[in-house]
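Written out below as structure tokens is the structure these notes cover.
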Amino acid sequence: MTEHQIKITFEEYQSLNELSKADYDLCLEATKAMGNSHSPYSKFRVGAALRLQSGKIVYGSNQENVAYPSGLCAERVALFSWGANYPDDPIEAMAVTAHTDEFEISQPVASCGACLQVLAEYEKKQLKPIKIILFCSGGPAWIMNSVESFLPFLFFENGLLKEVKGER
């Protein structure tokens, strides 16, 4: 038996004021996006903003539906919007924030597995990592330089190859 250990690295900032101007501004855009959340059931609002290489900002907010599986997370709303509208303008960074009046959020909220998988696919598609900024109002901000900080064993189609006529 061999035991392996995986370590991740991320930066923690005590407030948004410690971020670069570009990252600070992107966080403000994610907060603005959160205002368009449709979350009448969970009352958990999430906003995401993507900064593209051109400087354009793409927004996403969580969109719930009474038939729960029909909703979509803020991150995937933004990422799918990018994929549909700006696929040739690489994503440099994504900022994500959340808020609820139901309880205090004192640490950044991480993206769900489905959102991370979509993020991984788009990093691969653009051949460039995406900086991820997670933050909460009045709390710290965490910066990861790639989705690999969340998913060290990325799932891609090259693991799904099938033999065709005896070849791989």
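The values are calculated or read from the model by the stated rules, or taken from the named source; none is laboratory data. Predicted, not measured: the structure shown is a model, and the values here were computed from it. Counting neighbours? That spans all protein chains shown, and the Cβs are built from the backbone with ideal geometry, glycine included. Each accessible area value is taken on the protein alone, full model and side chains, heavy atoms only, with ligands, DNA and RNA left out. Shrake-Rupley method; radii C 1.70, N 1.55, O 1.52, S 1.80 Å.
Between Ala95, Ala110, Ala67, where does the largest GNM mean-square fluctuation fall for the chain, given springs only between Cα atoms within less than 10 Å? Per the Cα network of the chain with a 10 Å cutoff, Ala67 tops the list. Neighbours of Tyr13, meaning other residues whose beta-carbon lies under 14 angstrom from its beta-carbon, give a summed charge of -2 when Lys and Arg score +1 and Asp and Glu score -1. The residues of the stretch 75-146 have, on average, 44 Å² of accessible surface per residue, using a 1.4 Å probe with all protein chains present. Element breakdown for the chain at a 1.4 angstrom probe: carbon and sulfur atoms account for 53% of the accessible area. Normalised by the number of residues in the chain, the mean separation of alpha-carbon contacts (under 8 Å, six or more apart) gives a relative contact order of 23 percent. Each residue of the stretch 128-135 was assigned a 3J(HN,Hα) from its phi angle through the Karplus expression (A = 6.51, B = -1.76, C = 1.60, θ = phi - 60°), giving 7, x, 10, 5, 10, 10, 10, 8 Hz with x at Gly and Pro. Scanning the chain for GluC sites (Glu not before Pro) lying in DSSP loops with no more than 13 further Cβ atoms inside 10 Å, the longest uninterrupted stretch between such sites is 4-101.
Sparse packing (at most 15 other Cβ atoms within 10 Å of the Cβ) combined with a DSSP loop state is found for the following trypsin sites (Lys or Arg not before Pro) in the stretch 21-92: Lys43, Lys56.
Hey, for a label at Gln53 modelled as a point 7 Å past Cα toward Cβ, could you say which residues of the stretch 86-103 have their backbone N under 15 Å away? The answer is 86-93, whose backbone nitrogens lie closer than 15 Å to the label point. The number of Lys pairs in the chain with C-alpha atoms less than 24 Å apart, excluding pairs fewer than 8 positions apart on the same chain, is 16.
Rolling a 1.4 Å probe over the protein heavy atoms gives the stretch 1-72 an accessible area of 66 Å² per residue.
Backbone phi angles across the stretch 148-155, fed through the Karplus curve with coefficients 6.51, -1.76 and 1.60 (θ = phi - 60°), yield HN-Hα couplings of 4, 5, 9, 10, x, 10, 5, 9 Hz in residue order; Gly and Pro are listed as x. Sparsely packed loop sites in the stretch 21-65 (the chymotrypsin sites (Phe, Trp or Tyr not before Pro) outside DSSP H, G, I, E and B with at most 16 other Cβ atoms within 10 Å) comprise Tyr41.
Applying the Karplus relation 6.51 cos²θ - 1.76 cosθ + 1.60 with θ = phi - 60° to the stretch 58-73 yields 3J(HN,Hα) values of 10, 9, x, 9, 5, 10, 8, 9, 4, 8, 2, x, 7, x, 8, 6 Hz, where x marks Gly and Pro. When you filter the chymotrypsin sites (Phe, Trp or Tyr not before Pro) in the stretch 96-155 for DSSP loop state and at most 16 other Cβ atoms inside 10 Å of their Cβ, you are left with Phe103, Phe153, Phe155.
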